[in-house]
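Contents: one structure, followed by commentary.
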Amino acid sequence: MAAPRSCVLWRCCGRGWSRAMRGCQLPGLRSSWPGGPLGMRLLSQEKATTETHFGFETVSEKEKGGKVYQVFESVAKKYDVMNDMMSLGIHRVWKDLLLWKMRPVPGTQLLDVAGGTGDIAFRFLNYVQAQHQRKKKRQLRAQQNLSWEEIAKKYQNEEDSLGGSHVMVCDINKEMLKVGKQKAFAQGHKAGLTWVLGDAEELPFDDDKFDIYTIAFGIRNVTHIDQALQEAHRVLKPGGRFLCLEFSQVNNPLISRLYDLYSFQVIPVLGEVIAGDWKSYQYLIESIRRFPSQVEFKEMIEDAGFHKVTYESLTSGIVAIHSGFKL
């Protein structure tokens, strides 16, 4: 979180409670709830009296969480199909570029937040597996005196095709995780993959646990973006990297007008026709327009404690990849 680790209590703003009040927990996981009834009452009272936005609508912070949950519960089964329809398939290129920018190596421990359907996780697993296989082939080529039986035996004895890499997919929505697990089974992903139900604003993980934190098209949906960024900083190891792929502000006036027309006039109609849900996709478009610009979001990442923060706009600024390091 935002408070220094030397402090016993979180900031007195109702977002957390004393670390000392937390109960027993599994190794590597944290409790994500305040320690007692009083803490829960204070949290509830603050959220009930604080307003925020849900798309273009003004709602209480407590109400927003439920509304966002309902949106993704509703669209989960058609989420991937709608992504293809809305972006004309370009979202796949954007996600590939995120992995190219990440450049994970065998042994990398990744936390993918709001990654329920597994798009980033599966790309990560395929990438590190390919890296590990190339490394092994180089080692075998260097050993010219091995017989083919010895080479075959080395491949057969391979227990970890990922070189120790692991991805933890964390999402607050059970339906999104359900879709992700079904896709993992269909694509044959078993090793190096864990699914966790958790809130980006109060991650159920210990400090300094992951090498890389990713969040793709998810951070604009959290109620407190600053708190989610602070949590990202907390769970990363020193030297760890934060990567965010998110919709941003278009920097070309002509493309901006066409983009607005497509977004507000076409995408909700596609949502109704394909997913039977106009309102959810109307919200998703509105949430994009409410999200901070590239520069503003960069400053928020820096405020959370990250260093060497940069961003790269893609497709004329329709999306951007932000990067930062915990030093």
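Since every read-out is calculated from the coordinates, none of them should be taken as a lab result. None of these values were measured; they are calculated from a predicted model. Heads up, the Cβs are rebuilt from the backbone with ideal geometry, glycines too, and the neighbour counts pull from every protein chain shown.
Checking the cross-link filter: which aspartates and glutamates have an alpha carbon closer than 13 Å to that of Lys298, excluding same-chain neighbours under 8 positions apart? Within the straight-line limit of under 13 Å, Lys298 reaches these aspartates and glutamates: Asp226, Glu246, Glu312. What shape does region 204-312 take by its C-alpha gyration tensor, where a ≥ b ≥ c are the square roots of the eigenvalues and a/c under 1.5 counts as rounded, a/b above b/c as prolate, and the rest as oblate? It is prolate, given that a/c is not under 1.5 and a/b is the larger ratio.
For the set Lys95/Lys181; Lys137/Lys190; Lys181/Lys209; Lys77/Lys183; Lys78/Lys181; Lys95/Lys279, the pairs lying more than 21 angstrom apart at their alpha carbons are Lys137/Lys190; Lys181/Lys209; Lys95/Lys279.
For Ile120, what is the net charge nearby, where nearby means another residue's Cβ is under 9 Å from its Cβ and Lys, Arg count +1, Asp, Glu -1?
My count for the surroundings of Ile120 gives 0.
Computed from phi, the 3J(HN,Hα) profile of region 172-182 under the Karplus parametrisation 6.51, -1.76, 1.60 (θ = phi - 60°) reads 7, 10, 5, 5, 5, 5, 4, 5, x, 5, 5 Hz, with x in place of Gly and Pro. With Cα atoms defining each centre, region 75-126 and region 155-219 are spaced 12 Å apart in the structure. Of the residues Phe217, Gln230, Gly192, the one whose Cα sits farthest towards the positive end of the charge dipole of region 184-241 is Gly192 (charges of +1 on Lys and Arg Cβ, -1 on Asp and Glu Cβ, taken about the Cα centre).
Most tightly packed first, judged by the mean number of other beta-carbon atoms within 10 Å of their residues, the peptides 113-119, 282-288 read 113-119, 282-288.
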